[in-house]
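Here's the structure, in C-alpha cells; my notes come after.
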Amino acid sequence: MAGSVFLWEGILKFVYVNQGIGRFTKLGLPFPGPTATFVAWVEIIGGILMIAGWLTRPVAIAFIIEMIVAILSTKIRLYLGTYPLPLPSSPPQIGIWAVLHEIRSEYAQMMVSLFLLKAGPGPRSLDAKL
C-alpha cells in the first residue's frame, strides 16, 4: 500500500507542476525545482522498491524522514493559520483539528513505513529471496 502511494505521488510531482515545483515554491522550501525533482524520484524509485520488497528497510527510513519533513514544513503553519497553500474548503481550516484532519495521509504513510522498518519485508519479497 505505502509503496504504491509513494509511487503515484512521485509521478504526480512531474505531471502536475502545482504538486511539485509549484507546491515547493509556495511552501518556501529552498531550491524548489531540484528539491521537488529529488523528492519525486525518491518517491518513484522508493515506491517501486517497496512494492517489490527490495531494500525495504532503507527505503522505509527514507520515507519516514520524508514524512517528518512534510509534516513539519506544512502542518505547523496550518495550525498557526499561516499556511501558504489554499486552506481546506470546509471547516476545520486552521488549528489542531485542521492539522489532525490534514495529516492523515502523512501519518498513515509514516506508520506503514515504521512497521516495515521494524517487521521487514514479507516472505515473498525480493529481500527474502536474496
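The values are calculated or read from the model by the stated rules, or taken from the named source; none is laboratory data. The structure presented is a predicted model; accordingly, all values stated were derived computationally and were not measured. Don't worry about glycine lacking a Cβ; one is built from the backbone with ideal geometry, like all the others, and counts go over all protein chains shown. Quick note on the areas: whole protein, heavy atoms, side chains included, nothing else; ligands and nucleic acids left out. Shrake-Rupley method; radii C 1.70, N 1.55, O 1.52, S 1.80 Å.
Being of a type in the set (Phe, Trp, Tyr), farther than 17 Å from residue 70 by Cα and not in a helix (DSSP H, G or I) is the filter here; which residues of region 1-50 pass it?
From region 1-50, those of a type in the set (Phe, Trp, Tyr) are 6, 8, 14, 16, 24, 31, 38, 41; that's our starting set.
If we keep only those that are farther than 17 Å from residue 70 by Cα too, we end up with 14, 16.
Across region 1-50, the qualifying residue is only 16.
Name the residues in region 7-49 that are aromatic (Phe, Trp, Tyr) and more than 17 Å from residue 73 (Cβ to Cβ), would you?
8, 14, 16, 41
Tell me, please, whether a residue that is within 14 Å of residue 103 (Cβ to Cβ) and touching a His at 6+ places or on another chain (Cβ under 8 Å) can be found in region 82-90.
So far as region 82-90 goes, yes, one or more of its residues are within 14 Å of residue 103 (Cβ to Cβ) and touching a His at 6+ places or on another chain (Cβ under 8 Å).
Output the residues belonging to region 26-41 that are open to solvent by 50 Å² or more (accessible area, probe 1.4 Å), under 22 Å from residue 86 (Cα atoms) and without any contact (Cβ under 8 Å) to a residue 24 or more places away in the chain.
30, 31
(1) farther than 16 Å from residue 10 by Cβ; (2) modelled with pLDDT of 95 or more: which one isn't true of residue 79, the others all being true?
(2)
Residue 23 is checked against (1) in contact with a helix residue (DSSP H, G or I) (Cβ under 6 Å, 6 or more places away or on another chain); (2) surrounded by 17 or more Cβ atoms within 10 Å (Cβ to Cβ) and fails just one. What number does that condition carry?
Unmet condition: (1).
For residue 72, are the conditions met, namely being more than 27 Å from residue 128 (Cα to Cα), open to solvent by 40 Å² or more (accessible area, probe 1.4 Å), in a loop (DSSP other than H, G, I, E, B) and out of contact with any Leu (no Cβ under 9 Å at 6 or more places or on another chain)?
no
Does any residue of region 111-130 turn out to be part of a loop (DSSP other than H, G, I, E, B) and in contact with an Asp or Glu (Cβ under 6 Å, 6 or more places away or on another chain)?
Yes - at least one qualifying residue is present in region 111-130.
Taking region 75-97 as the search range and keeping residues that are small (Gly, Ala, Ser) and surrounded by fewer than 13 Cβ atoms within 10 Å (Cβ to Cβ), which one is farthest from residue 1 (Cα to Cα)?
81
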